[in-house]
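Each remark here refers to the structure printed beneath this line.
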Amino acid sequence: MRLTDYFLPTLRENPKEAEIVSHTLMLRAGMVRQETAGIYSWLPLGFNVMKKIEQIVREEQNRAGFVEILMPTIQPADLWKSSGRYEDYGKEMLRIRDRHDREMLYGPTNEEMITEISKMGVRSYRDLPTRLYHIQWKFRDEVRPRFGVMRGREFLMKDAYSIDIDKEAARRSYYRQFIAYLRTFERMGLKAIPMAADSGPIGGDMSHEFVILADTGESAVFCDRDLVDMPVPADDIGYDDDLEAVAAAWTSKYAATDEKHDEAKFVADVPEERRVSARGIEVGHIFYFGTKYSDAMGASVQNADGKATPFEMGSYGIGVSRLVAGIIEANHDEAGIIWPESVAPFHVGLINLKVGDSETDEACNAFYQNLENAGVDVLYDDTDERAGGKFKNMDLIGLPWQLIVGPRGIKSGEVEVKNRASGERFNLSPDAALNMLTSRK
Ligand code: P5A
């Protein structure tokens, strides 16, 4: 992508309305624009990163045996009346009337809808488990939307749902997601710690929040330091293995959000030097709620003995749009964002130090073509900004590699490659630079 063809409205100054670094950097890097409180447009750079995150989430859901669907954003109120949650959800639910004066709502989550969909497809226990997910916008009329996309009103969520025949099978689905979450967040370069959590308006008595530690996090969390660097389950652990036993490496150690925190147990279970009290960002939340919705909505299936038994259910959420901000909270410095390779909007930022100088233009065009041909995403700064501005901008938007090409270097047969994360710089021949950048894609 040539910067002259792109849309990257970066800001030099820190916007006053931003309270946390990810919000500041997302606005300064031209990733999003607030349309009204808690509602954002996603501009090219932000949208690109969100798509990368979404794709990692999708691949790991598929790998865990969940199947993608797409449910609508707008739901009929009757559906929610049938579970009893229409009243319970209160002011967080955005209620709408259509032209026929029918009550509708902008969905905050989809437990009811999935229960109805599953009723349609599940006739006998042989049809179970049913494991579905979608990635769709949600609306919650939060009292205090804040911190940019971290706590928005409209936000993108991956929500998965499992229907099983009995409690044991439901636990197996739950722990599939548990392991899939560890793998998903790891691929984004995040250390997410599963913590015992309250289930709130979703319901049920088994629930884990996946939390990344950050000073700007909204909740206070408490855990055993051993969990911070626990390696995720190796790839040879498959989804038909006993994943509850695998997850025990995490669940047997103390980790709780503030609502579930038990100070006496924390002190008794964790030696002082391993006690972590910190703040955290909730990037995912999984729930087992048994028959809460199936009982209320009459969703049952014949078991092997021919007896009608209600669906055993769980639901599993990931805050896809929140993750964009969460990843920035975990990866930035004074100069700007530092994207992990796996979610970077482009891998290389190519800087032309003298646009209009024919030799430099030619060398840049050749790099641009060769990198693109090798499948490396490049953002080519072909604008006539001065060099200092280009460097600042490139550091701000945080692409993993910078390739800096100017007339002086060309004469001596050298270009500069800079690693954004480490700050390391390499002076290389054009061929060696190309080699380095294509081999690290
Ligand atoms: C699980 C999937 C649920 O809604 N129903 C379907 C269950 N869980 S949850 O914890 O309420 O939300 C799941 C994740 O969505 C993100 N999230 C938000 N992101 C941005 N702005 C918000 N206002 C917001 N609310 C929730 C979180 O990452 C949460 O873990």
Exercise. Pairs under 7 Å by beta carbon, first residue more than 11 Å from Arg58 (Cα to Cα) and open to solvent by 30 Å² or more (accessible area, probe 1.4 Å) in the stretch 130-141, partner in a loop (DSSP other than H, G, I, E, B) and within 9 Å of the ligand (Cβ to nearest atom), six or more apart or different chains?
Worked result: Arg140/Pro108; Arg140/Arg153; Asp141/Arg153
Exercise. Mind checking whether some residue in the stretch 21-32 is surrounded by 14 or more Cβ atoms within 10 Å (Cβ to Cβ), under 24 Å from Gly317 (Cβ atoms) and touching a strand residue (DSSP E or B) at 6+ places or on another chain (Cβ under 7 Å)?
Worked result: yes
Exercise. So, in the stretch 152-174, of the ones that are out of contact with any helix residue (DSSP H, G or I) (no Cβ under 8 Å at 6 or more places or on another chain) and within 30 Å of Leu43 (Cβ to Cβ), which residue ends up farthest from the ligand (Cβ to nearest atom)?
Worked result: Glu154
For this session: Might you check whether a residue that is surrounded by 21 or more Cβ atoms within 10 Å (Cβ to Cβ), within 19 Å of Glu111 (Cβ to Cβ) and touching a Gly at 6+ places or on another chain (Cβ under 8 Å) occurs anywhere in the stretch 144-152?
Result: no
Exercise. Within the stretch 185-203, can you find the residues that are assigned to a strand (DSSP E or B) and of a type in the set (A, V, I, L, M)?
Worked result: Ala192, Ile193, Met195, Ala196
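Among the listed residues Thr360, Thr438, Thr383, which satisfies the condition of being farther than 27 Å from Val49 by Cβ and hydroxyl-bearing (Ser, Thr, Tyr)? Lay out the reasoning, then the answer.
On the way: Thr438 fails: farther than 27 Å from Val49 by Cβ; Thr383 fails: farther than 27 Å from Val49 by Cβ.
The conditions single out Thr360.
Conditions tested, residue by residue: (1) under 24 Å from Thr130 (Cβ atoms); (2) at pLDDT 95 or above; (3) crowded, with 20+ Cβ neighbours inside 10 Å.
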| site | (1), (2), (3) |
| --- | --- |
| Ile163 | yes, yes, yes |
| Gln177 | yes, yes, yes |
| Thr184 | yes, yes, yes |
| Ala192 | no, yes, yes |
| Asp215 | no, no, no |
| Val232 | no, yes, no |
Problem set entry | Given (1) among the β-branched types (Val, Ile, Thr); (2) over 30 Å from Tyr293 (Cβ atoms); (3) within 15 Å of the ligand (Cβ to nearest atom); (4) open to solvent by 40 Å² or more (accessible area, probe 1.4 Å), index of the condition Ile117 fails | (2)
Problem set entry | Tabulated pairs, the stretch 274-294, first without any contact (Cβ under 8 Å) to a residue 60 or more places away in the chain, second away from the ligand (no atom under 15 Å from the Cβ) and open to solvent by less than 10 Å² (accessible area, probe 1.4 Å), C-beta under 8 angstrom, 6+ apart or interchain | Arg274/Asp224; Arg275/Asp224; Arg275/Phe266; Thr291/Phe311
Exercise. If we keep just the residues of the stretch 201-213 that are among the β-branched types (Val, Ile, Thr) and under 17 Å from the mean Cα position of the chain (by Cα), which is surrounded by the fewest Cβ atoms within 10 Å (Cβ to Cβ)?
Worked result: Ile212
Seminar exercise, completed: Output for Cβ contacts, cut-off 8 Å, separation at least six or different chains, first residue closer than 19 Å to Leu379 by Cβ in the stretch 319-348, second among the polar types (S, T, N, Q) and assigned to a loop (DSSP other than H, G, I, E, B), reads Ile337/Asn331; Ile338/Asn331; Trp339/Asn331; Pro340/Asn331
For this session: Name the strands (runs of 3 or more DSSP E) wholly inside the stretch 347-441 in which the number of residues that are open to solvent by 30 Å² or more (accessible area, probe 1.4 Å) is 3 or more.
Result: 425-428
Exercise. When you go through Ile53, Ile69 one by one, which is the residue that is within 30 Å of Ile237 (Cα to Cα), of a type in the set (Val, Ile, Thr) and surrounded by 19 or more Cβ atoms within 10 Å (Cβ to Cβ)?
Worked result: Ile53
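The values are calculated or read from the model by the stated rules, or taken from the named source; none is laboratory data. Just so it is clear, the model here is predicted, and its values are computed rather than measured. With ideal geometry, Cβ positions are generated from the backbone for all residues, glycine too; neighbour counts draw on all protein chains shown. Please note that ligands, DNA and RNA were not included when accessible areas were found on the heavy atoms of the full protein model with its side chains. Shrake-Rupley method; radii C 1.70, N 1.55, O 1.52, S 1.80 Å.
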